[in-house]
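Q: Before I ask anything, let me first share the structure, which is written out below as structure tokens.
No lab work stands behind these numbers, since they all come straight from the coordinates. Quick caveat, the model's predicted, so the values are computed rather than measured. Cβ atoms come from the backbone with ideal geometry, glycine included; neighbour counts cover every protein chain shown.
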């Protein structure tokens, strides 16, 4: 026993003594700038300050991957136009080699040894390092890779093409697979283009920084990534996929028997007022059959209209860029009569979300939306439960729609997991891979079909038809107004357009996503800032621009209620996406 203790003591002492030696070399800073172009290429510039300490080395090496494994496919991105200079722009000698999906740059002179701190500026162009989704495209980039030396400070600035905007963005730091957030990040915008800046400090050996930025489709061209798959199979080999087809037919039968709503009135009549005693959030849950993320922002606007809050929009300057934030100010101490409004106020005004900002020469105190980012998750869950409970109490659904969906999702996940496990267990057998894929697909079918299984009651169907008519009124263009006035089913007169009418209906327009169309009706009427909102100095008020601001406010509140986790929309990690590699000294 004493020998084991002695051995552990010696190893521990050796570790303590050896640690400064191992950590003697350090990357003092790793600053990258990435310019995204419309032709789906990026220009990358990396400024690396590497401190060799007293250790004699020839220089550094940098590994840049150009081949990426994703499931059964291998994606490739072209890396070219490599240039390496020092801080004065003088070229540095480097060797270039490719193999195993990586470009390796060996920077330095093999006949010269260096010590101390040196600056290496590496620039290169990459074609096609993007992920394409149905509703957005994404730049998912491992900025630093994983180095053999610690990195004291790392940063990245991503410039999007002119006209593009940052929909969502996330930054991760740490070891490969970590989803820890970076120390700071900021969405940036100026008059011509938008961008994203992120920073991380004190990264250890084999720790890096990764960013994911989502932007609208059409901002860049689509490049199909090359991939390598298995050899071609006979069509007869795919007979296991009859399984998901049979599952689909069964789910369609199940929906026909148990998932269809009762018949309603059958015709949609334009409605000029919201349903009486029916909050915007509840209208959203009934209309969409789920909580979509706009309910809380719509309720905040409602509470502001009713005099409980005031929303302030302001801009923060960062060099040539500026970013928009919002402060929610509490007005008075009165509490809304409805329990949902009271609950939202209680959850909003917590110390961790509070801050002070100077607006119009006055110091305003309230909730900063930027402080809520990805932190309002547990509060939102409680608010969601309250909304679902009230929907059920009003007997608008037979069961909670989210729980109905969850039941089918869990069944689908079970089938999908069985298929995935079968595929992994027999990864070298094509028949088992096909069986596993078929079971996995069947699970996906069940999970997707579950979205259509929640059932409304007769009252719920009639109320949804009312909401359809109200949405028509909120969204119809002025030139089309005559259509619903001349409808044989229309027996109501359109109310006079006033600022109070605009305010009262605006939360519902947010729920339906038609706030900007609703604002178009009031361009000539609503020309002063509402009492419950301030949009910053120096801007003439316009109803359309005001509605656009509220769209941004809604997006920021949605970010606050979304868990921090893939790519730009959460679920990503350090080391994910394209880019990466790493480096060290030689």
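Q: Efficiency by 1/(1 + (r/R0)^6): what FRET value for residue 406 and residue 81, r their Cβ-Cβ distance, R0 = 35 Å, to the nearest 0.05?
A: Using R0 = 35 Å, I get an efficiency of 0.10.
Q: Semi-axes of the equivalent ellipsoid of region 86-207: what are they in whole Å, largest first, if each equals the square root of 5 times a C-alpha gyration tensor eigenvalue?
A: So the three semi-axes of region 86-207 are 29, 18, 17 Å.
Q: Take every Cα-Cα pair in region 346-430 and report what % of them are more than 23 Å apart.
A: Of all Cα-Cα pairs in region 346-430, 58 percent lie more than 23 Å apart.
Q: Further, regarding this structure: Order of 25, 102 from fewest to most other C-beta atoms within 10 Å?
A: Lowest to highest Cβ neighbour count: 102, 25.
Q: Also, I was wondering about something else. Going highest first, how would you order 410-417, 459-466 by mean Cβ packing within 10 Å?
A: Listed from highest to lowest mean packing, they are 459-466, 410-417.
Q: For region 63-146, state the average projected area of the convex hull of the C-alpha atoms over all orientations, rounded to one decimal in nm².
A: The number I arrive at for region 63-146 is 7.6 nm².
Q: Can you grab the distance from the C-alpha centre of region 333-374 to the C-alpha centre of region 390-461, Å, no decimals?
A: Their Cα centres are 38 Å away from one another.
Q: Rank the residues 172, 120 as a footprinting-exposure proxy: fewest other Cβ atoms within 10 Å of their Cβ go first.
A: Going from sparsest to densest Cβ surroundings: 120, 172.
Q: Counting other C-beta atoms within 10 Å, which of 386, 58 has the fewest, and how do the rest follow?
A: Final ranking by Cβ density, sparse to dense: 386, 58.
Q: Here's a follow-up. If we sort 294-307, 132-145, 254-267 on the protection proxy, mean other Cβ atoms within 10 Å, highest first, what's the order?
A: Ranked from most to least packed, the peptides come out as 294-307, 132-145, 254-267.
Q: Subtract the Cα-Cα distance of residue 371 and residue 106 from 0.36 nm times their separation in residues, and report this length gain in nm to one decimal.
A: 91.1 nm
Q: Mean projection of the alpha-carbon convex hull of region 352-393 over all orientations, in nm²?
A: The Cα convex hull of region 352-393, projected and averaged over all directions, gives 4.1 nm².
Q: Over the alpha carbons of region 22-226, what is the largest minus smallest coordinate on each principal axis, giving the biggest first in Å?
A: Largest first, region 22-226 extends 52, 36, 34 Å along its Cα principal axes.
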